[in-house]
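Taking it in order: structure first as structure tokens, then the write-up.
Nothing in this text is a laboratory measurement; each read-out follows from the coordinates by a stated rule. Keep in mind it's a predicted model, so treat the numbers as computed, not measured. Quick reminder, even Gly has a Cβ in these numbers, built from the backbone with ideal geometry, and neighbours come from all protein chains shown.
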Amino acid sequence: MGTEAEIMGPLLAAGAGGVAGAAPETEVEEREAVPPWREQVTARGLAVSAVLGVLFCLITHKLNLTVGIIPSLNVAAGLLGYFLVRTWTAALERLGVVSKPFTKQENTVIQTCVVACYGLAFSGGFGSYMLAMDQRTYELIGPDYPGNRAVDVMNPSLGWMIGFMFVVSFLGLFSLVALRKVMVIDYKLTYPSGTATAMLINSFHTTTGAELADKQVRCLGKYLSISFIWNCFKWFFSGVGDSCGFDNFPSLGLTAFKNTFYFDFSPTYIGCGLICPHIVNCSTLLGAIISWGFLWPYISTKAGDWYPANLGSNDFKGLYGYKVFISVSVILGDGLYNLIKIIYATIKEIMNARAKQGRLPLVRVQEDDEGSKLSAEEKHLNETFIKDSIPPWLAGSGYVGLAAISIATVPMIFPQIKWYLVLSAMVALLLA
């Protein structure tokens, strides 16, 4: 296990737009100057970010509409960003064109832009409520269904969807500015995905790391080609709808196939299973066995007793209602447990802090040279982290301005939403 300074080093420097080493080898590397943010944002970086952003958005939509679980793609974004820019600069060098050196900070900017793109693709509702408001969904549910009103139909359109994304997606940029220093510097919290990405990008910009990155990219291309060829092969043997083919192979028998237990030979699920932790895979598998293997078949035998028979598969008055509300209850119960645990831990920490403040120090321990050096190193990392940050007054003004625009714009896009509901959501975000 590394020390606290070794773990926090890459994360602290990454937050300032650059990635510092976890354990610098020389004093020069330790005091490596971080370029201003204007030099970190380059035209080639934005071009690579746009290309990778589109690619990762497509991957996210595919996973969102099939698996429903989006694994962390931070490491992949940093790796592909490094590979594309290195390929770019190598091609220009062969043509005799001198280009700017590719820095860690520029790599981090690319990775951040790509993550923001696919994060918006997932949380923007493009795989859920955006599509659920169209005319086709309204007709499939039926105009006679309670709560399904024609006035609520909102067909997808680039105009209102882009406008809606703009007014609701940038609030986090300003609301998290105040938490940035508190969470990372004051409380010294480490974030696994951010730390892993920082260490990865840091290793790319060394001789050994560059060789490792080339091997990883070749491995990525090999398995990407295998997946693409396999999907093309499956297409030749696919049936009409869900009738047959590799996508619906009854590996456990026809009875299990009727309860959705079959194998579809999809590399997507295999890839998600490899990326997601074991706790996620095991929880998903256990939930599938309990629900589709035992619970839903048992409830379906109570048709006509617990609920009216001969209802549609998506009717909330029938089996579908049990599926939805049992699942929501499990999620809410887990969330309530974690909320109570967090509140308890917070109160306990506050009480312990007050108890410590009431005690007088009896002995002052002198720091040794190693401790002093560590403090100086942490001070340098802290200064790097808060460099070129958004001023608090600008963050507050930006949040208030965006909130005012959202309060005025969202009711224009969705007339059913009143302005005070949007205001309540903006205030709730601050209180969260």
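Mind sorting Y269, Y298 by how few other Cβ atoms lie within 10 Å of their own Cβ, fewest first? Provide the component values of the computation, followed by the final result.
Numbers: Y269 15, Y298 9.
Least to most surrounded, the residues fall as Y298, Y269.
Just add up the charged neighbours of W306: K/R +1, D/E -1, any other residue whose Cβ is under 15 Å from the Cβ of W306. Spelling it out: positives minus negatives among the neighbours equals +1. Show log10 I(q)/I(0) for the range 148-298 at q = 0.16 Å⁻¹, two decimals, from a solvent-free Debye sum over equal Cα scatterers. Reported log10 I(q)/I(0), two decimals: -1.16. Taking a Cβ cut-off of under 9 Å around I386, the surrounding Lys, Arg, Asp and Glu residues balance to a net charge of +1, with basic ones at +1 and acidic ones at -1. A Förster distance of 25 Å, applied to the separation of the beta-carbon atoms of S327 and I141, puts the FRET efficiency at 0.85.
Dipole magnitude for the range 60-167: about 500 debye, using +1 per Lys or Arg Cβ and -1 per Asp or Glu Cβ, origin at the Cα centre.
In order along the range 310-322, the Karplus-derived 3J(HN,Hα) couplings, from 6.51 cos²θ - 1.76 cosθ + 1.60 at θ = phi - 60°, round to 6, 9, x, 5, 10, 8, 5, 7, x, 4, 4, x, 5 Hz, and Gly and Pro are given as x. In the range 162-316, a dipole from Cβ-located charges (positive for Lys and Arg, negative for Asp and Glu) runs towards its positive end, and of T195, L286, T260 it is T195 whose Cα lies farthest in that direction.
Using unit Cβ charges (K, R positive; D, E negative) and no other charged atoms, how large, in debye to the nearest 20, is the dipole of the range 224-344 about its Cα centre? Could you put the intermediate results ahead of the total?
On the way: 6 positive and 6 negative charges, 31 e Å.
Value, rounded to 20: 140 debye.
Counting neighbouring beta carbons within 10 Å and listing from fewest to most, the residues V328, V54, V34 come out as V328, V54, V34.
By the beta-carbon count within 10 Å of each Cβ, the least crowded to most crowded order of R86, R94, fewest first, is R94, R86.
Under 5 Å from the amide H of S238 lies no amide H of any residue 5 or more positions distant or on a separate chain, with H modelled from the backbone and absent for Pro and chain starts. With a threshold of 27 Å on the Cα-Cα distance, the over-threshold entries among K215/K379; K104/K181; K341/K418; K62/K323 are K215/K379; K341/K418.
The phi torsions of the range 292-301, fed into the Karplus equation with coefficients 6.51, -1.76 and 1.60 and a -60° offset, translate into couplings of 7, x, 10, 5, 5, x, 5, 5, 5, 6 Hz, rounded to whole numbers, with Gly and Pro shown as x.
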